[in-house]
1. Between residue 96 and residue 391, what length in nm is gained on full extension when 0.36 nm per residue of separation is reduced by their alpha carbon distance?
2. Would you calculate the separation in nanometres between label points at residue 356 and residue 413, each defined as 7 Å from the Cα along the Cα-to-beta-carbon direction?
3. Can you run phi through the Karplus equation (6.51, -1.76, 1.60; θ = phi - 60°) for region 128-141 and list ³J(HN,Hα) in whole Hz, with x for Gly and Pro?
Amino acid sequence: MDILWGRPEFTDSDIRTLRFGTKDETTIFYAGSDGAVHEEAATSNEEWLAFLEKPTFNVSSTGKQLVILCTPRKHQRPERVRNAMALQHLPFEKEKTFRMVAEKFHMHRAVGSILSHGWSTFCRIPFTDEAGDGFSYNLRTQQTWDFDSFISVTYYPQLGKTFVLCHGFTVGDIQLLRERVLPADTVDSSTRAGYTTCALFNPFTYLAFFISLERKGRFDIVEQKTAKMQLLVQNFGNVPTGDEAPLEDNAMVAHRTLTSPFGGPKSHDPDDMVGLFLNLGHLKTGLEGWRDQMKAMMPLVKEFAVMERNGDDDSDKNKTDPWAYLQRTIDEYDFMINKCTMVMDGTNLAFQMESAHWTRRDQDIAIRDGKQMKSIALLTMVFLPATFVATFMSVPIVNWEPAEGDTTSPLFYVFFAISCPLTLVVVLAYFWWVGCFTKKKAKRRSLV
């Protein structure tokens, strides 16, 4: 990958993965060696050209420099927060304008490739251009998350220049970053609500800011969804699973419709438990992928620590320890992933218990129907011998007609003489067979 991206300049194939034509406002923060941070905004091509030609702002000058571009997401409406192509739309009217900005602020060509795919990504790319040796750090969240976002930090260690692209940020995210980098209402411009002058030019500062921003947003979603799912699981199915009396058929249908999503349309699942379960699955997968990206950053903690020591204010005791910060964040993600797993396992158990409950109820109904069929078969057995005898006597082989002047055949009593003993024999044979079968079944159980 380093070989493929060894050339940092954008190529035509890289540009083709991006989309232009929108007029969203881009917030720009920039600072020089004195640490004084300025804020600008650009939307149209004219504003970008005027900003890039300002004599007071020259990224090619010597000394430390910081440039932060905060570009908004194309679609921020709630019904379109999960747009896989949203991050490919950049707030530039023309491709030419983006090329000028990318060249001026040393954006790496990997930005186009990372924005075009939708999975969680962290990569560190060393490169060399006309400005010198540098590194490009890129972080991207998974597209299945609400408001997925991206950050790219280009850093020149020898020059002390840092260029940051924050793409997909909401208005609240940009405001939070503004509170961190802009000076507070004091005379000393190096005093800020969030970052010291030393931390201001440190690339890890913005990677940590992006990680903390995502952590807060994702953990809030985890808390909301897991709490809702736990409540639904606790109230899922009001019929106990013990030896309660069987319900009537109509009551069973009504109960199944009101409390269980099994075997019915979506109206039988008014709380959308299945949809919430799938959302939890996507959220868990995203958390695991994001945690793995932070684990990929762990081998670079020594490099990040050197960046901390390269600051002018070495006496600052509030510096962030990269190893401790990443390890603590990874542990927090492990906890949230385990929480999602626990709730999903509980949901699976609730589904299985409910399914087993209704399966047992169906078996009870089948047993009851079997007993009814057994009674019908026994009743049929009682009348079957007499029916057979009556049918046989109606065959015209034998003359059963009464004599002249008689109303009843002299052989009328033959029917009862044959059918009654035959019925008794059949019934006794049935009970004997049932008794033998029961004894054999009990004997097999005793041997087991």
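1. Stretched out fully, the residue 96 to residue 391 stretch lengthens by 96.0 nm.
2. Placing both labels 7 Å beyond Cα along the Cβ direction yields 6.6 nm.
3. After applying 6.51 cos²θ - 1.76 cosθ + 1.60, I find 9, 9, 5, 7, x, 7, x, 10, 10, 9, 10, 10, 9, 8 Hz.
No value in this document is a laboratory result; all are computed from the given coordinates. Since we're looking at a predicted model, the values are computed, not measured. Here Cβ is always computed from backbone atoms with ideal geometry, including for glycine, and neighbour counts include all displayed protein chains.
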